[in-house]
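J.: Let me give you the structure first, and then I'll get to my questions.
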Amino acid sequence: GKVGAEVGGEVGAAVGAEVGAAVGACVGVRVGATVGAEVGVEVRGKVGAEVGACVGAAVGAEVRAAVGAEVGAAVGACVGATVGAIVGAEVGTEVGAEVGA
């Protein structure tokens, strides 16, 4: 299975990166939105209604972007590695069997 292992590794890396990026983006946006909204509401409550609406929204947006990126990257890396390994192993086995190497 040398050929199969090589091909499987390449396919696994490619699929893992793609899936990881997609899942990471999705999760990051959702988590970021939730956390950002919560922080924004807290800030708004502390600085008063009128000013708070403006400040709360700005702070919430910043937190949303930061948390979303961090969580998304972590989840994406984890999912990508797992999916990539599974797909890579399957492809590697198939290729190895066909090539007989």
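J.: Once phi is turned into ³J(HN,Hα) by the Karplus curve 6.51 cos²θ - 1.76 cosθ + 1.60 with θ = phi - 60°, what whole-Hz value does each residue of region 69-83 show in order, with x for glycine and proline?
T.: Once θ is set to phi - 60°, the couplings for region 69-83 become 5, 5, 5, x, 5, 5, 5, x, 5, 5, 5, x, 5, 5, 4 Hz.
J.: Taking 8 Å as the Cα distance limit and 6 or more residues as the minimum spacing, I'd like the relative contact order of the chain as a percentage.
T.: Once divided by the residue count of the chain, the mean separation gives 54 percent.
J.: At 1.4 Å probe size, with the rest of the protein present, what percent of the exposed accessible area of region 4-53 is carbon and sulfur atoms?
T.: 66 percent
J.: Hey, can you find the accessible area per residue of the chain for me, probe 1.4 Å, expressed in square angstrom?
T.: Here the per-residue accessible area is 60 Å².
J.: Please report, in debye to the nearest 20, how large the charge dipole of the chain is about its Cα centre when each Lys and Arg carries +1 at its beta carbon and each Asp and Glu carries -1 there.
T.: 400 debye
J.: Two-decimal Rg/Rh of region 44-101 from alpha-carbon positions, Kirkwood Rh?
T.: 1.53
J.: Quick one: putting +1 on the C-beta of Lys and Arg, -1 on the C-beta of Asp and Glu, what dipole do you get for region 23-73 around its Cα centre, in Debye to the nearest 20?
T.: Result for region 23-73 is approximately 80 debye, rounded to the nearest 20.
J.: Just reorder VAL41, VAL35 by solvent-accessible area, largest first, 1.4 Å probe, all chains present.
T.: Output order, biggest surface exposure first: VAL41, VAL35.
J.: Return the equivalent ellipsoid semi-axes of the chain as a descending list in whole Å, where each equals the square root of 5 times an eigenvalue of the C-alpha gyration tensor.
T.: Each semi-axis is the square root of five times an eigenvalue, giving 47, 7, 6 Å.
J.: Only helical DSSP H runs with n ≥ 4 go in: add -39500 (n - 2.57) per run for the chain, normalise by residue count and round the 222 nm mean residue ellipticity to 500 deg cm²/dmol.
T.: Rounded to the nearest 500, the figure is -36000 deg cm²/dmol.
J.: Now for a different question. How do 46-57, 82-93 rank on mean C-beta neighbours within 10 Å, highest first?
T.: Sorting 46-57, 82-93 by mean packing, highest first, produces 82-93, 46-57.
J.: Taking the Cα-to-Cβ direction at VAL51 and at ALA81 and moving 7 Å from each Cα, how far apart do the two end points lie in nm?
T.: 4.6 nm
The values are calculated or read from the model by the stated rules, or taken from the named source; none is laboratory data. Everything quoted here is computed from the prediction, not taken from an experiment. Backbone-built Cβ (ideal geometry, glycine too); neighbour counts: all protein chains shown. Side chains are part of the model used for accessible areas, which takes the heavy atoms of the whole protein and leaves out ligands, DNA and RNA. Shrake-Rupley method; radii C 1.70, N 1.55, O 1.52, S 1.80 Å.
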